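First the structure, in the form of structure tokens, and then the observations on it.
The numbers here are math on the coordinates, done by the rules we state, and not lab data. Only a predicted model underlies this, so the values are computations on that prediction, with no experimental measurement involved. Neighbour counts are summed over all protein chains in view; Cβ atoms, including those assigned to glycine, are modelled from backbone coordinates with ideal geometry.
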């Protein structure tokens, strides 16, 4: 398959992710949108590994690292969201506004 | 993988082990924790700092097959970062007690973030750089949230981690695009690839993603919105760590990336970053005027400082890079001074509102004079570090035919003087809320005095430091 | 002696600025001890100043005093200090005013050690500006002299309550600081431009003014950047329309600070225009001279007319400072030897005279707790000494022959006639207006029937007379024997003339 299809898929996923981060107000949904961005990255990395990289391995290593780091990040984020939840009994980001500019 | 590589990596390994030691002491002997762990951390880092000075000085090499660089540039930053963390742990000792923070986790995670920062400055490859950024950022997310009972701390943490993860995503997307363009992740490989590629659109896309990602991490306008909230919500020493440590570490990487790796495509990023720098320093300082909380005020002032620092990136010359590093060194000393003096007051007053600083000069003259000195230094007034470092940086900028930018920067410093003077007025002119004296520990007051001396020293006699920085820049970026 | 000669300039600067650091370790509540310490420092400075001046007066060369210390070679910054005829006079002026202002500051209640700390830092900065030959250090000391003003005024100053409005000391301090620092942005940008352009023309980085003279800045560059210095330094010199900080600041400031500020600090602005603007950018100076002269004459007339309308003693002196600084600027704008000589002599004369004025007003205010001209009446009965000294200062201000003001203003008028007779005539009209408000002030406040409420005032004690006497003596001596000082000043004017006429 051509590289451009992978890139297009990745770009679409990335855009959906960015839209989600900007538009969603629920913390977990924002987190899922970020996951979409990271998936876009992973698709790109694997595609580049087969199409561009001479060694063909670096992109796959990137993909594995991204997956691992994303898992850690989500664990951390969910823990903090849980605490937010226990404080304001929902995870709506609009209500987390004790501090304003 | 050879033993030499591991030997040269030993400072990072030692700090990671120190983190584990701190964890375990807290786990098995919880009664010993509060003061002891802070002292242990700072002492341990101090010993490792001396050790790395001995181990790394004069070394110019790359380890692990070119993944990490060891040279006087990275060594300079590693020493600086370790010194900053020593300071952070010293000023944390009384603070953690008054907020009931679990010290074992607290110090161990600070140490882990230090490991991230140290790897960050020596990264020579995209994946390593990314992982180091994440190691640093994850530790900071946890540290911001560490005051469990504090609602503000929680709210700051959620904003920080969501925006941080988002910005990591952007950064990563950009990095992978760069990998897709050049087929390699090593900085030198990318540099060669970029200089031979003509199609600019992909590179532009990749650079803007990377720029936005770093923009978030450095709190550069328009990616700054997390900074005031996080600065206000985080425990004070952590605010200092974010404002000083993470900023310096990321700027060290950004400087290598933009003055070396992305240098072939300078025409793509220079105009945009110049405008962003101008906007950042002016609006950061203007937004600081309306703040009533000193942490938020410092947040906006540090956004303004990021704007000045960007000028060092735009210069893309050895003079500009030296200026940037000198300014960051001065900024580190000054900010440590201001944060540690604020902690002295905070430990007693338990408030960050500027109005609660009324009459501090009567209640604790030392803290008042130190805050005054550091604010003067941040505003770039002579006798203190800020004047000299800013003059150097602005001169380097003017040298690259960007006198207009230096002029805007000078104007921004005057705006900043206005709100700094309001704090100083509050401390010296207004009547104190209560007449009780503010006492502090010997450790804190000694530390504050040392930082004051450092600030004045850099301001009056910068030559030794400039010499070191010039060698560092010559050895790595512009040789 | 040789060692002293080589380091005397450094010593003059370091004595107050480093000496001030020790004050931070003094007790908060020991005004006498603190003041004695400051007095000793000021006195040593005075002796060193007199020594410099006496060397300048004899035929010996002043080159021996020059020092150069490498500071930041990568940018071409060195601590180059040297002294010339005019600067030795200005150093002496600063020393005299510093000494007398320390003598005047007797009633400090809050934290006298911090007060003298900032005051000495300011004085060190002023010395540094006069002696630096390096753009970086010139700017460094310039800023150092400006910064302490905020705290000095905001903490130790006084708020004024007028009938229709209130001027708090914080307001005066903030206004003054922001104006001056805004001016220094222009100077900063100008200095960077000089440095970059100089490096291009000379092929090496240098901030040394003596080398930058040879940088051959092209005409367009000079035309663009001279206004940066003219306005940037002009703000500190009270150049119209950027003068409004000056009366407000002076009114809010404590006596010693008013003395130093009107006495020497405002001179830094005029000195900067001469030392950087005219010396390095002569073509720009010639091109902009008409505008500069126009602003100067507005200064003179506007300042004196405003002084006429004031009801507050300090505001009168403040506006008279604006007007007199106008003469200095006019002398500089004349761009001829007589004008330069007059301008520098006027700096000295006005510096001492204003210091005297502010010291006297401070004393009167300390006794009566008012500065309202409507209320003060017939004080000469109760305080004959103060009245006498005030009259002397007033007569200097309106330019009576035999006092220092006459010589200075005469030189400026002659210089102006050579370059622009019309302006000279307007300037003389300004002097006439000065005479009106000064005489009105003196007759109203000191002479006439004494008001009952002032029955219990006392005059100067012996110790209080000392600073007043020193300043008055200076005025009279310069007025009667102007030639020693004139020769000293004239010996250093040549370099400016060569630059301006060489174009």
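Here each label is just a point 7 Å from Cα along the line to Cβ, and for residue B:443 and residue C:66 those points are 5.5 nm apart. How many angstrom lie between the Cα centre of segment C:123-185 and the Cα centre of segment C:1-57? When both Cα centres are located, 21 Å separates them. Other protein chain C-beta atoms within 10 Å of residue C-beta, averaged over C:321-330: 0.
The base-10 log of I(q)/I(0) for segment C:154-294, evaluated at q = 0.17, 0.21, 0.22 Å⁻¹, reads -0.89, -1.15, -1.23 [Debye formula, identical scatterers on Cα atoms, solvent excluded]. Sorted on the mean count of surrounding Cβ atoms within 10 Å across their residues, most packed first, peptides A:61-71, B:275-285 read B:275-285, A:61-71. Once the Cβ-Cβ distance of residue C:74 and residue B:47 is raised to the sixth power relative to R0 = 35 Å, the FRET efficiency obtained is 0.55. Between 0 and 90 degrees, the angle of helix C:135-146 with respect to the longest Cα principal axis of chain C falls at about 10 degrees.
Taking each DSSP H run with n ≥ 4 as -39500 (n - 2.57) and averaging over every residue of the protein assembly as shown yields -25500 deg cm²/dmol at 222 nm. Averaged over the residues of B:424-431, the number of partner chain Cβ atoms lying within 10 Å of the residue Cβ comes to 4. Take each peptide in B:411-424, B:92-105, B:192-205, count the other Cβ atoms within 10 Å of every residue, and average; sorted highest first, the result is B:411-424, B:92-105, B:192-205.
The relative contact order of chain C comes to 15 percent, based on Cα pairs under 8 Å that sit 6 or more residues apart. Once a ≥ b ≥ c are taken as the square roots of the eigenvalues of the Cα gyration tensor of segment A:3-93, is the result rounded (a/c under 1.5), prolate (a/b larger than b/c) or oblate (a/b not larger than b/c)? It comes out oblate by the Cα gyration axes.
Between the helical axis of A:27-51 and the longest alpha-carbon principal axis of chain A there is an angle of about 10 degrees. Between A:16, A:37, A:52, the Gaussian network model of chain A with springs among Cα atoms under 10 angstrom shows the greatest mean-square fluctuation at A:52. For residue C:436 and residue B:467, a Förster radius of 56 Å and the Cβ-Cβ distance give a FRET efficiency of 0.35, rounded to the nearest 0.05.
Cα axis of helix C:313-333 to longest principal axis of chain C: angle in degrees, 0 to 90, nearest 10? Roughly 20 degrees, rounded to the nearest 10.
Shape call for segment B:204-251 from the C-alpha gyration tensor, a ≥ b ≥ c root eigenvalues: rounded (a/c under 1.5), prolate (a/b greater than b/c) or oblate? Cα axes put segment B:204-251 in the oblate bin. Averaging 1/r across all pairs of distinct Cα atoms in segment B:164-241 and inverting the result yields a Kirkwood radius of 13.9 Å. Kindly provide log₁₀ I(q)/I(0) values, in the same order as q = 0.06, 0.07, 0.09, 0.14 Å⁻¹, from the Debye equation applied to equal alpha-carbon scatterers of chain C. Debye intensities relative to I(0), on a log10 scale: -0.25, -0.34, -0.57, -1.45.
Would you please classify the overall shape of segment B:1-145 from the alpha carbon gyration tensor, given that a ≥ b ≥ c denote the square roots of the eigenvalues, rounded means a/c under 1.5, and beyond that prolate means a/b larger than b/c while oblate covers the rest? It comes out prolate by the Cα gyration axes. Spin-label model, residue C:10/residue A:2: points 7 Å from Cα along the beta carbon direction are separated by 7.4 nm. Rounded to the nearest angstrom and listed largest first, the equivalent-ellipsoid semi-axes of segment B:265-479 from its Cα gyration tensor are 33, 20, 12. Across every direction, the projection of the convex hull enclosing the Cα atoms of segment B:401-449 has a mean area of 5.8 nm². Residues of segment B:275-293 falling in the label zone of residue B:404, defined by backbone nitrogen less than 19 Å from a point 7 Å along Cα to beta-carbon, are B:275-283. The mean number of partner chain beta-carbon atoms within 10 angstrom of a residue's beta-carbon across peptide B:148-161 is 5.
For chain B, the spread of Cα positions along the three principal axes, ordered from largest to smallest, is 70, 55, 42 Å. Counting every alpha-carbon pair across the protein assembly as shown, the share separated by more than 44 Å comes to 40%.
Report note on the peptides C:290-301, B:262-273, C:123-134, C:320-331: ranked by the mean count of other C-beta atoms within 10 Å, highest first, their order is C:320-331, C:123-134, C:290-301, B:262-273.
Using the Cβ-Cβ distance between residue C:21 and residue C:210 with R0 set to 30 Å, the FRET efficiency from 1/(1 + (r/R0)^6) comes to roughly 0.45. Here each label is just a point 7 Å from Cα along the line to Cβ, and for residue A:67 and residue C:457 those points are 9.3 nm apart.
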